[in-house]
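Quick notes on the structure that follows.
The values are calculated or read from the model by the stated rules, or taken from the named source; none is laboratory data. Everything numeric here is computed off the predicted structure, so don't read it as measured data. Positions of Cβ are backbone-derived with ideal geometry, glycine not excepted, and every protein chain shown enters the neighbour counts.
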Amino acid sequence: MKAKDVVLMPQEINLLKMLGENQGYYDCPKDGSGKRTGKLVGYAGKYETAPGSGEFKHYVGERYWNFPRGAERNPEVLEQFVKDVFYDSCYDESMSGEINCAFGCPEGGILPAYEIAKRFECYFSRADKKVIEVATPERREKSELVFGRHTVEPGWGVAIVEDVVNNLSTTDKAIKLIESRGATVQAIICMINRSPEGLTVWEYEGREIPIIAAVLIPTLEYRQDDPYVAADVEAGNVVWKPKDNWNELIVA
């Protein structure tokens, strides 16, 4: 399955350019014929190679965002993302009365949530990760979201904030945590929405929660045996841990 062209708004292009110039965005380069001249990247998500096999492999793709490197350590870049998250959006600061708290999902949503709380002039809260199973060579650690130093209050309207949204598995856990305290999630705000389907709403228990993003850029993930990527995988043309080997991508 070949990647589809994504049509971006001018402000989205500018944000990605700014992020790339600060080494926070990688899009696999290609020559005039469409042949890759850079490497694929490995994603955290896995698929089972065959039903019931118990063997899992990581998905691969052509785009990767290193938001901590490109934006968190560059306040000017982060500020621009937060500013532009409301640009040309159905959800803007005039509706801020519905939001009593900006809630940061760990770890990437914490700094953006604090900046959004300042813009909305509302409260800030965040979750912590509690490790329930330590990592092993075969699998990543397992954790759950909990309230630590911060919490939310009953009756509050809450905006969940993340840096990059994909399958919203962490978001779903955050909604459950927040609403267990009597608050209501009114919106999901992210700096980059890379969900393959280009989701703009999240269905949760019979209601739709809007997803507002500074950049909406649907991004496909591929099985390693997909014809579109199989030759590169076979040739070892993949950076499996992009954040740990970022210089390999920057060279491209």
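Some observations on this one:
- Any hit, the range 198-212, residues being outside any loop (DSSP other than H, G, I, E, B), surrounded by 18 or more Cβ atoms within 10 Å (Cβ to Cβ), touching a Ser or Thr at 6+ places or on another chain (Cβ under 7 Å) and not aromatic (Phe, Trp, Tyr): yes
- Within the range 219-252, restricting attention to residues that are more than 12 Å from Gly42 (Cβ to Cβ) and of a type in the set (Val, Ile, Thr), the residue that is surrounded by the fewest Cβ atoms within 10 Å (Cβ to Cβ) is Val251.
- One residue stands out among those in the range 115-129 that are assigned to a helix (DSSP H, G or I) and of a type in the set (D, E, K, R): the one that is farthest from Leu145 (Cα to Cα), which is Arg119.
- Hits in the range 123-134 (condition: surrounded by fewer than 19 Cβ atoms within 10 Å (Cβ to Cβ) and of a type outside the set (Lys, Arg)): Tyr123, Phe124, Asp128, Val131, Ile132, Glu133, Val134
- First in the range 195-211 and among the aromatic types (Phe, Trp, Tyr), second anywhere and surrounded by 15 or more Cβ atoms within 10 Å (Cβ to Cβ) and not in a loop (DSSP other than H, G, I, E, B), Cβ under 7 Å, 6 or more apart: Trp202/Thr171; Trp202/Ile188; Trp202/Ile209; Trp202/Ile211; Tyr204/Ile175
- Some residue of the range 172-190 being assigned to a loop (DSSP other than H, G, I, E, B), β-branched (Val, Ile, Thr), under 20 Å from Val82 (Cβ atoms) and touching a residue at least 12 places away in the same chain (Cβ under 8 Å): no
- Yes/no for Cys90 being modelled with pLDDT under 90 and either touching a strand residue (DSSP E or B) at 6+ places or on another chain (Cβ under 6 Å) or of a type in the set (A, V, I, L, M, F, W, C) (or both): yes
- Boolean, Gly54 is assigned to a helix (DSSP H, G or I), out of contact with any His (no Cβ under 8 Å at 6 or more places or on another chain) and modelled with pLDDT under 95: no
- Cβ-Cβ contacts under 9 Å between residues 6 or more apart (or on different chains), taken from a first residue in the range 22-45 that is outside the structural domain of Asn247 (by TED's automatic domain parsing) to a second residue that is at pLDDT 95 or above, are absent.
- In this entry, Leu168 passes the filter for residues that are of a type outside the set (Gly, Ala, Ser), under 14 Å from the mean Cα position of the chain (by Cα), on the phi > 0 side of the Ramachandran plot and crowded, with 16+ Cβ neighbours inside 10 Å.
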